[in-house]
Amino acid sequence: MIARLSRRFTRLLKPLISSVGDLLPIVLVVGFFQLVVLRQTIPDFAQIVIGVILVVLGLTFFIKGLEMGLFPVGESMAYAFARKGSLFWLLAFAFALGFGTTVAEPALIAVANEAAKVAAEGGVIAHHAEAMDAYATGLRFTVALSVGVAILLGVFRIIKGWPIHYFIIGGYLGVVVMTMFAPEEIIGIAYDSGGVTTSTITVPLVTALGVGLASSIRGRNPMIDGFGLIAFASLTPMIFVMAYGMIIG
C-alpha cells in the first residue's frame, strides 16, 4: 500500500516540477520589474504567494487530467468511429466535438462578454443588458459553429489524405478578402477569436482526435496527417466572425 502511494506521488511530482518550471519565468519577470525597475514592494505579498501556489497546483492537476482523461477519450473515440466505418457519423462527431468544446471555452466566453461591453460603449449595439447578451451569445455561437466546420473539414482531410497547406493557404486568402469588406470594429475581435478558440478544452480533445484518427487509418502518418486540426480551428473563426459582423452591421 505504501509502495503504491509512493509510486503515485512520484508520478504526480514530475508534472508538479514541470509546472513550477513553466511558471518560474513569469514570476521572475514580474518580480524584476516590480522590485528593480519600478522599485516598489509587492502588494499583498502573502496573497500573491498563495495564488501562485494554487496556480501551480491547478496546472499540475490540469495536465495530469489531460493525460488521464481527455487525450485517451479523444483517441479511443477516433479509433471507434474509424472501425465503425461510417463517414457520416465520424463527420457528425467531429462537428459536434468542435462546436461543443468551443461554446464551453472559458476564454471565448470572457472575450465575447468583453466585446459586447465595448460594442455597447462604442454605440455599435444598444447599451442595455439584453442587447449585450444577444451580441455575446451570437459571437460565441458563431465561433463555435466555425470551429465545428473546421474540425469537420480537418477530419475529412485526414480521411482523404489531402495536404494541409492547400487548406491553410486558401483559408488565409479568405481572411484577407473578408478583411477588406468586414466592418472595421469587428476585425480585431475576429482575429482574436481565432486565438481564444485554441485553449484549455478544445486543444486536447481535438489533437487527440486527429492523432487517433490518423493512427487508425491505413496509409496515414500520425505525425504528418494527425496534426493540423488546431490550425483549422484558429483560421475559420476569423472568417465566420467577420461575416457575423457584416450581417449584424
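Explain nothing, just the number: dipole magnitude of region 39-156 about its Cα centre with +1 on each Lys and Arg Cβ and -1 on each Asp and Glu Cβ, in debye rounded to the nearest 20. Write down the numbers at each step before the final one.
Working: 6 positive and 8 negative charges, 75 e Å.
Rounded to the nearest 20 debye, it is 360 debye.
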>> Considering only C-alpha atoms, what is the centroid distance from region 23-73 to region 81-150, in Å?
In response: 29
> Per-residue HN-Hα couplings for region 167-179, Karplus 6.51 cos²θ - 1.76 cosθ + 1.60 at θ = phi - 60°, whole Hz, x for Gly and Pro?
Replying inline: 5, 5, 4, x, x, 6, 5, x, 4, 4, 5, 5, 4
> Residue by residue, what Karplus-based ³J(HN,Hα) values in Hz, rounded to whole numbers, does region 42-50 have, using 6.51, -1.76 and 1.60 with θ = phi - 60° and x for Gly and Pro?
Replying inline: 7, x, 6, 4, 4, 5, 5, 4, 4
> Rounded to the nearest 20 Debye, what is the dipole magnitude of the chain about its Cα centre when Lys and Arg each give +1 and Asp and Glu each give -1 at the C-beta?
Replying inline: 1380
> Rounded to a whole number, what % of the accessible area of region 70-145 do carbon and sulfur atoms account for, probe 1.4 Å?
Replying inline: 68
> How large is the dipole of region 107-249 about the Cα centre if only Lys and Arg carry +1 and Asp and Glu carry -1, each at its Cβ, rounded to the nearest 20 debye?
Replying inline: 780
> Which value, in Å² rounded to 10, gives the accessible area of residue 29 with a 1.4 Å probe and all protein chains present?
Replying inline: 80
> Just one of (i) 20; (ii) 41; (iii) 23 is percent of Cα pairs over 31 Å apart calculated from these coordinates, so which is it?
Replying inline: (ii)
>> From the phi angles alone, apply the Karplus equation (6.51, -1.76, 1.60; θ = phi - 60°) to region 158-164 and give each ³J(HN,Hα) in whole Hz, x where the residue is Gly or Pro.
In response: 4, 4, 7, x, 6, x, 6
> Just the accessible area per residue of the chain, please: how many Å² with a 1.4 Å probe?
Replying inline: 57
> So what's the back-of-envelope 222 nm ellipticity for the chain, counting only DSSP H runs of four-plus at -39500 (n - 2.57) apiece and dividing by all residues, rounded to 500?
Replying inline: -27500 deg cm²/dmol
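The values are calculated or read from the model by the stated rules, or taken from the named source; none is laboratory data. This one's a predicted model, so the numbers in the text were calculated from it and none came from an experiment. Note that we place each Cβ from the backbone using ideal geometry, even for glycine, and neighbour counts take in every protein chain shown. These area figures cover heavy atoms from the full protein model, side chains too; ligands, DNA and RNA do not enter into them. Shrake-Rupley method; radii C 1.70, N 1.55, O 1.52, S 1.80 Å.
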